[in-house]
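Contents: one structure, followed by commentary.
No lab work stands behind these numbers, since they all come straight from the coordinates. Quantities reported herein were computed from a predicted structural model and do not represent experimental measurements. Cβ atoms come from the backbone with ideal geometry, glycine included; neighbour counts cover every protein chain shown.
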Amino acid sequence: MGSWWFARPETWIIETAPKSMQIAGRFTSVDLDRLLKKIVCWLAEWIEKGSNQFIHHELYRHRLPRSIQDAYMSLSAYLCKTTSTEHMIFRIIEDRVTHLVAEGIPSTDSSQRGLFDALEYLARVQALLVYQCIGLYDGNIRLRHLAEQHIPLLEFWLADLILKISQNPDCGHSLSTPPPTCQLSQMFPPASHIPTEDVLWHNYIIAESVRRTWLVTAGFQGVYKLLHSGHATCMGGTFFTTRSGFWEAKSAMAWEKRCCEVYAGLLQLTHVDQMFASIPKDEICDFAKVVLECLYGPDQLERWGVGV
């Protein structure tokens, strides 16, 4: 059970930052723009490389749910839009996000056992996050209106997803097996044939992806609400891996080796003293640095010597 360090019940606690750390008085508009551009760069990195700081390179390697396919293609078109094509691309995005919201979350009806599909649920959450990024900051009136309506929906989906993952941490098999309602099981290797190390690694990938998606959403939508109304309700922060080398591991063997060698730094960044006491500053991952900047501001990061 020591290998399940990332899924212990206490690691799913959501903690709200103290008022002294709230975002409102810590940023200028220039700082906010810089952070928003970082998220856009991550999305572009996903298009170019197939992964980024919150979409793991292994996450959709075996299965690619339709929702994330649509989001990927919509984002690709958006990043390449011109003045001649943007109207058509905006219509496509509106249609895709409307369909996603209407479809809702995967069935988890207790009367139909085994229907919880962690990957499908996470894919829909990440797809909605992609559309939110486009809608809230592009400036297109129609897309922004839709995105504003979907702010509480994305937060609800994430809260529900975290609850279900915390109750079903052994869900990494969804990365390489068909969804519960799929009849084409012959297209996927049986979960029992997947090496034990891969199953454990896949469990970590699901857990860490959910947590990082939560943090990106909390920061992204929180910034928008702050700019829009002058205040923002904090979603709170999750535990996540703050040390480099774990998220970036290219295989189960490399990940397992890293787990055996050093402390992963699975903590909330309100406990920054604990992080600095246990992790060398040059091994703090880039994602953690961005979250630190959201909590403490760029000036404090510069004083610590861990700037983004």
| remark: Among the Cα-Cα pairs of the range 253-304, the proportion with separation greater than 16 Å, in percent, is 43
| request: Return the aspartates and glutamates within reach of residue 281: Cα separation strictly under 18 angstrom, same-chain partners fewer than 8 residues apart disregarded; answer none if there are no such residues. | output: 248, 261, 273, 293, 299, 302
| What is the distance in Å between the Cα centres of the range 125-140 and the range 53-68? | 18
| Hey, which of these cross-link pairs are over 21 Å Cα-Cα: 38/289; 49/257; 164/289? | 49/257; 164/289
| request: With a point put 7 Å past each Cα toward its Cβ, work out how far residue 303 is from residue 92 in nm, to one decimal. | output: 4.8
| query | Kirkwood Rh over Cα pairs of the range 214-265 into Stokes-Einstein at 4 °C, 1.567 mPa s: D in µm²/s? | reply | 98
| request: Using a cut-off of 13 Å between beta-carbons, work out the net charge of the residues near residue 303 (Lys and Arg +1, Asp and Glu -1, residue 303 not included). | output: -2
| request: Evaluate the distance, in nm, between pseudo-label points positioned 7 Å from the Cα of residue 3 and of residue 273 along their respective Cα→Cβ axes. | output: 3.6
